[in-house]
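Encoded as structure tokens, the structure appears first; notes follow it.
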Amino acid sequence: MSDTADAIAAHLAAHVGRSYGPYRAWDAVNAPMIRQWREAISAENDDAAAAADIAPRSMINVWMMRGLADKRPADSVSDDPYELVGLLREQGYIGVVATRCTQQYGRNLRAGERVESQVIVESVSPKKATALGDGYFITLHHAYSVDGEPVGSMAFTTLHYAPRVQAKKPSPPQPGISDDTRFFWEGLKANRLLAQRCDDCGTLRHPPGPVCTKCHSFGWSAVELSGRGTLYSWTVVHHAAHPAFDYPHAIGLVDLDEGLRIVAPLEHVALDRLADGMALQAAFHNVDDEDRLPAFRPVAEAA
């Protein structure tokens with residue numbers, strides 16, 4: 001363990017068992033907040049009088065929330081049980097995510113009662129490696145009371161972590177390029193979809209090749225296509241996954257307006273919305289020093 005790690009561990013350990021509070025709620029238990037909470041969690045009460053007077057037990061921590069101004073009432077202490085994470089933030093542990101909340105309830109809270117809480121740092125884990133990044137799990141125990149009478153408690157655990165540096169997404173597999181296909185890939189880098197047209201019979205062809213498939217002429221010129229077409233067929237690739245692509249990966253066979261067909265990725269469309277004849281438009285995704293096929297997306301998305 002490094003000196004910094006030792007210092008962090010000692011700092012966190014020194015806070016375990018430390019008590020904070022008491023904190024007082026901004027407002028007494030009240031009917032408007034009870035009604036709004038019941039609506040939010042679909043917890044209706046057939047007894048109209050009880051619905052306005054008795055708070056759902058899951059609200060126990062709601063009464064103690066600071067609000068958007070992040071302040072406490074004047075008659076409440078202002079110390080912060082999360083002061084122990086200050087050093088963590090300074091050392092790059094800037095991520096935070098709630099991982100577990102366990103509540104226990106005593107009696108029901110009624111309108112007019114004002115809740116108080118006492119918070120104890122219950123535990124701090126050793127440094128853990130997680131998918132989000134390395135960090136520490138901190139559990140605070142909240143004890144709730146009304147006029148000194150215990151009414152419930154909550155154990156709330158958060159992970160404070162240093163976010164992992166995301167690795168750069170790898171490049172897609174690169175094509176083999178010949179003198180017959182180079183024009184096609186260079187066109188894509190200029191946001192142009194090109195095809196070969198026979199100099200002798202005028203036949204368009206794709207994929208590129210050295211000779212006209214109709215008259216067998218070797219003469220050809222590159223012409224720009226509109227990039228518009230319709231979906232003829234498609235498949236959805238699940239395996240084997242390549243890290244350059246997001247899965248499931250939809251691949252379409254597109255009927256271009258010029259009479260050619262091209263195989264290309266489909267994007268900006270839910271898989272269950274794919275349909276024969278869907279109008280599509282080419283989109284280009286250029287990355288330096290890479291060759292990439294165009295993608296096709298619905299015309300409404302391409303506009």
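Values as computed for the structure displayed
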quantity	calculated
Leading residue by the ranking (surrounded by the fewest Cβ atoms within 10 Å (Cβ to Cβ)) among those in region 130-155 that are within 23 Å of the chain's Cα centre (by Cα) and of a type in the set (F, W, Y)	F137
Filter result (of a type in the set (D, E), part of a helix (DSSP H, G or I) and either in contact with a helix residue (DSSP H, G or I) (Cβ under 7 Å, 6 or more places away or on another chain) or buried (at least 16 other Cβ atoms within 10 Å of the Cβ) (or both)) within region 9-64	D53
Per-region count, region 275-287, residues part of a loop (DSSP other than H, G, I, E, B) and in contact (Cβ under 8 Å) with a residue 24 or more places away in the chain	7
Search result, residues across region 105-135 that are in contact with a strand residue (DSSP E or B) (Cβ under 9 Å, 6 or more places away or on another chain) and within 30 Å of A48 (Cα to Cα)	Y105, G106, R107, N108, L109, R110, A111, E113, R114, V115, E116, S117
Sole residue being under 32 Å from the mean Cα position of the chain (by Cα) and outside any loop (DSSP other than H, G, I, E, B), chosen from A241, A250	A250
Filter result for Y232 (farther than 30 Å from T203 by Cβ and not acidic (D, E))	no
Filter result for the condition that a residue is among the charged types (D, E, K, R) and free of Cβ contacts under 8 Å to residues at least 60 places away in the same chain, over E258, E224, E290	E224
Test: residue in region 258-281 that is exposed (fewer than 14 other Cβ atoms within 10 Å of the Cβ), under 24 Å from the mean Cα position of the chain (by Cα) and closer than 15 Å to T235 by Cβ	yes
Selection within region 178-197 - exposed (fewer than 14 other Cβ atoms within 10 Å of the Cβ) and aliphatic (A, V, I, L, M)	A190
Hey, P32 assigned by TED's automatic domain parsing to the domain that holds Y136, closer than 18 Å to E113 by Cα and touching a residue at least 24 places away in the same chain (Cβ under 8 Å) or not	no
Residue identified as modelled with pLDDT under 95 and β-branched (V, I, T) among V119, V151, V124, V146	V124
Meets criteria (under 29 Å from the mean Cα position of the chain (by Cα), at pLDDT 90 or above and closer than 25 Å to H160 by Cβ) for V97	yes
Residue match in region 78-90 (condition: under 30 Å from N30 (Cα atoms) and aliphatic (A, V, I, L, M))	no
One residue from W26, W37 being in contact with a Phe, Trp or Tyr (Cβ under 9 Å, 6 or more places away or on another chain) and among the aromatic types (F, W, Y)	W26
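The values are calculated or read from the model by the stated rules, or taken from the named source; none is laboratory data. Note that the structure is predicted; figures quoted are calculated from it, not measured. Every residue, glycine as well, gets a Cβ built from its backbone with ideal geometry; the counts of neighbours run over all protein chains shown.
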